[in-house]
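Below is one structure, written out as structure tokens, with a few remarks after it.
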Amino acid sequence: MGGVGPMTFARLAAAISEAGALGQLAHPSLSLEEFGATGDALQRQVDEVVRIVREGIHEAVGLTDRPLAVNVRIAQEQPDAKRLIEAILEERDADPDVRKQLRVLTTSGGHPETYGLNDRIREAGMLHLHAVSNVRHALTAQRAGIDAVIATGYEAAGHVGHFPVHTFVLIPAVAESVDLPVIAAGGVVDGVSLVGALALGAQLGYIGSRFLASEEAEYHEAA
Ligand SMILES: Cc1cc2nc3c(=O)[nH]c(=O)nc-3n(C[C@H](O)[C@H](O)[C@H](O)COP(=O)(O)O)c2cc1C
């Protein structure tokens, strides 16, 4: 499951893990009118995002015994990213169930070493996956010691790149360039598209939009 904000989607993540795939928590956005906020106003927003993610982690862990992932958007304009990663590591330290189940951290939208927390992520025993939209960024992620790259094509909602390189063009290019597992994101919606992605060199699919139509998704009633 791809990380899909702007909610944690704890219920959906737990249901996906229960079904045998890897469910993933995401996080809310800082609200737009406060986007340029600094000082206390910004701090209050960051505190709230961190609180919601801590709550989401415990909700998901309460709903399944299976492994889970969590996504943090780490672009430069995400002033909550460092606090979020620290909070995730703290929750793992504090609760053995969280430590056992929350095994994968995915980052997207920036340089994978931006917050200098990579060693702590590794020491905590989590796998660190990073979303990339081109070969250069995949190679950067590999140099940074990332465990797998999420090759994110232009089809993907929440696309991380500037150029319209489509998933089924990007996957083979990334797979040939890095010595890491490649996870295909963007337009993987069913068995056929998953098999296509695997045939092109991916090891896993990363599904966002398709899962949002599920009953367990918080979007469901409104959609
Ligand atoms: C509503 C929505 C919100 C998303 N939010 C995030 C996010 O917060 N962080 C992130 O890394 N990717 C985000 N994505 C991208 C997904 O993680 C994933 O890469 C993408 O959905 C895969 O393409 P697909 O929607 O065609 O399955 C989002 C996608 C959707 C549909």
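The values are calculated or read from the model by the stated rules, or taken from the named source; none is laboratory data. Here the structure is a predicted model, which is why all the values come from computation and not from measurement. FYI the Cβ positions are ideal-geometry reconstructions off the backbone, even for glycines, and counts take in every protein chain you see. The area values use the complete protein model at the heavy-atom level, side chains included, leaving out ligands, DNA and RNA. Shrake-Rupley method; radii C 1.70, N 1.55, O 1.52, S 1.80 Å.
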Scan of region 10-37 for residues that are open to solvent by less than 40 Å² (accessible area, probe 1.4 Å), part of a loop (DSSP other than H, G, I, E, B) and modelled with pLDDT of 95 or more, ordered by number: ALA26
Some residue of region 158-177 being surrounded by 16 or more Cβ atoms within 10 Å (Cβ to Cβ), in a strand (DSSP E or B) and within 16 Å of the ligand (Cβ to nearest atom): no
Whichever residue in region 190-223 is at pLDDT below 95 and of a type in the set (A, V, I, L, M, F, W, C) and, among such residues, is farthest from VAL135 (Cα to Cα): ALA222
Residues (free of Cβ contacts under 8 Å to residues at least 40 places away in the same chain and within 11 Å of the ligand (Cβ to nearest atom)) located in region 1-24: PRO6
Residue match in region 134-156 (condition: under 21 Å from ALA13 (Cα atoms), hydrophobic (A, V, I, L, M, F, W, C), part of a loop (DSSP other than H, G, I, E, B) and within 16 Å of the ligand (Cβ to nearest atom)): yes
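Determine if region 26-46 includes at least one residue that is of a type in the set (A, V, I, L, M, F, W, C) and touching a strand residue (DSSP E or B) at 6+ places or on another chain (Cβ under 7 Å).
First, pick out the residues of region 26-46 that are of a type in the set (A, V, I, L, M, F, W, C): 26, 30, 32, 35, 37, 41-42, 46.
From what is left, the residues that are touching a strand residue (DSSP E or B) at 6+ places or on another chain (Cβ under 7 Å) are 26.
There is at least one residue in region 26-46 that is of a type in the set (A, V, I, L, M, F, W, C) and touching a strand residue (DSSP E or B) at 6+ places or on another chain (Cβ under 7 Å).
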Selection count, region 80-125, where residues are of a type outside the set (Asp, Glu), open to solvent by less than 60 Å² (accessible area, probe 1.4 Å), within 16 Å of the ligand (Cβ to nearest atom) and part of a loop (DSSP other than H, G, I, E, B): 5
Selection status of ASP40, assigned to a loop (DSSP other than H, G, I, E, B), more than 16 Å from the ligand (Cβ to nearest atom) and over 22 Å from THR107 (Cβ atoms): no
